[in-house]
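See structure below.
The values are calculated or read from the model by the stated rules, or taken from the named source; none is laboratory data. All values reported here derive from a predicted model rather than from experimental measurement. Neighbour counts run over all protein chains shown; Cβ positions are idealised from the backbone, glycine included. Please note that ligands, DNA and RNA were not included when accessible areas were found on the heavy atoms of the full protein model with its side chains. Shrake-Rupley method; radii C 1.70, N 1.55, O 1.52, S 1.80 Å.
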Amino acid sequence: MNTKILWTLIKKELLDVFRDKKTVIMMLVVPIILYPLIFVGAMQVVAMISSNMEEQNYRIAVEAEDDGAFVHKLMEKSAENADAEEGDAYTLTVYDAWSMDSEPDFMAQLGEESIDVYVTGEVRDGKMEYDVYYLSSVTNSVYARDIVTDIFDDFRKEMTEEKIRQAGLDVHEILEPVVYETNDTASNEQSLGSIIGSILPFMLIVSLLMGTMYPAIDTTAGERERGTLETILTLPVTNRQLIVSKFITVASIGIISALLNILSMSGIAFYVYQIMDLETGTQSFDIIRFVPAILVCILSIFAFSLFISAVTMCVTSFAKSYKEANNYITPLMLAVMFIGYIGFIPNIEFTQTMAMVPVANICMLIKNILVFKIDYASIALVLLSNVAYAVIAILFLSRIYDSESILFGDGKGGVQLLEKRSNLKKGGVPTLSDVALVIALTIVLTLYAGSILQIKFGLAGVFGTQMILLLVPLFVVLYTKKDVFLTYGFVKTGVKGYIGGIFMILGLIMLNLVISVGLVYLFPDSAENVNTAFSAFWDNSIWESLLVIALAPAVCEEMLFRGMIFHSMKARYRISKAVIAVGVIFGLYHMSIVKFIPTGLLGIVLCYVVYKTGSIFPAMMMHFINNAFSVLISYYPQQIGEIFPIMMQETFSVSDILLLLGAGLILLGIGLLFLKNKQGMNNAKKSDKKETA
């Protein structure tokens, strides 16, 4: 790659971006000026509110059969606090019902907020019992309730001690038979890191997102709206140089913005540290201990900046105007912020699986580093995964800039689901935009509605989840007037296609068995979670399990993945890319690091069978066999072990692995031979012609 041309393009992109005042404001004004103002202003507001609450007069009404004992205690406490110079310098206005001439309706006055708390008391079973009434919707009432309950604690303690003395007993011996003391073994640095670790990661990812958002929009949709994209594409520069220059520009601005945010937040932290130092007179924290954590944070910023820059550019590249890009970026912003809240959730374990989850891995890594939990393997996994995700996004971005239909399309590849149905033409397969929307909808519905259904209804809830995978894409296909038979591959095929499919799925089961054993060894926690999730379903009859766990996914998941998604991608990309992409999506859909590779391979093989036969029915049969085998093993482990002892082993010798791999590859090879038939290829060619038409 010509570095001189690349540097020229980068300078051009930087000049264009810095001409946009929004970018400068987000980079400079927000972190350097706005953050300190917000922090100092918030401190002043909190101090003002606290001072106001402490100096407030609270109105307490008491109607108790205790000869005025509690009223006397309230008046005594009010007199003490009225003379206080610092702390809780509030005053109390006490209304004693027994000393008043009339009988006021204190409950009505509480509802009208004429009083803040109403206390009643009567003797029940020889013991004085009080009830405290307040309004949780009124701040003064809540604060007054806290004051009253604190006074009750003192009142109860005094009464208890008095009764013990009257009985001639030792107060401390009776009330304190056991003495204990808590000792915090965490260092001051760990305590401070725990607090910062809950806030800093969220602020970092948000600042990075905000820092990359506007330059990403400007270098993609903004350039298209200004009409300069066509001019640049006519220059003697390659698409790769153009993409890399834009990516480096956006990532650099994101990094600069994040570093400025860190400096700003560090300045605030140093200010707080100095205030605490002046107030206590001692240095409570050793700042030097945080240096390694800061270095890891900086590395994380670089890695996450690469990822989020590539993702935002992918999203905004589909927009044709600045306004449209802002609409596209909003869901991404909400998703990133939602995942970023994981840093505020206590007791979330930073596992190897978590280290692979975008956004969440950065938050959890920084949170753990700040409490000095250093795991070099997790650090490497987080950094490498973010770089890998960035590379994948850049490759996808290169596909966008290689496709004139996306850059300069007439909208036919857009989200047709949002168009008027009367404007849509019949036939063909769904657009990739509609497919992306369907994938997003099904994932969200599966996570929320599906989880609730499974928790509430068990196996029936799993069936409901499968119906989501069936009905959501089917609705999109019908609404957009697409060819149902073409989209789902509802085509007859010869017997050889089914025979080949049987051989291939049996071979794949053997290969996946070896792979699964290795993954379980590497990721035991993830495997245990999978086993726990499915263990609750084996209490049902085997026929119910076969229906829900084997047959329903064989139909519903195949119609979604090998039907709608595969045929839509096959119409746009080369068959090899479509097959691999659908396999990866299928593996990610199962949301388990242990299941990702086996299910991904299954998805690839099923796509290949659909391509070779031109029909989805052999893939449905293969999917059913694969899942049914797992069900049978769960219900009849002893019988399966007697017939296929090697399939039930937890550990394998080298000879066992070679035997399974060899048998699996032979069965796959036999399956491939059966799939080489003219009828299947003719079906596939006819399908390709209709999809591209």
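List of remarks:
- Ligands, DNA and RNA left out, the 1.4 Å accessible surface of region 559-629 is 74% carbon and sulfur atoms.
- Here region 161-226 has 53 percent of its accessible surface on carbon and sulfur atoms, given a 1.4 Å probe and all protein chains in place.
- Accessible surface computed residue by residue for region 633-674, with neighbouring protein chains in place and a 1.4 Å probe, gives 67 Å² per residue.
- Surface accessible to a 1.4 Å probe, per residue, for the residues of region 319-466, Å²: 54
- Cα gyration tensor category, rounded, prolate or oblate, for region 535-602 with a/c compared to 1.5: oblate
- A viscosity of 1.567 mPa s and a temperature of 4 °C, combined with the Kirkwood radius over Cα pairs in Stokes-Einstein, give a translational diffusion coefficient for region 623-678 of 98 µm²/s.
- Whole-Å distance, taken between Cα centres, linking region 140-156 and region 548-579: 64
- Mean Cβ count within 10 Å, highest first, over the residues of peptides 121-129, 472-480, 355-363, 328-336: 355-363, 472-480, 328-336, 121-129
- Potential extension, LEU263-LYS12 segment - 0.36 nm per residue separation minus Cα distance: 87.6 nm
- Whole-number accessible area per residue in Å² for region 91-233, which is evaluated in the context of all protein chains at 1.4 Å: 58
- Computed over region 180-230, the ratio Rg/Rh where both radii use C-alpha atoms and Rh is Kirkwood: 1.50
- Separation in nanometres of the label points that stand 7 Å from Cα toward Cβ, at ILE455 and TYR133: 3.7
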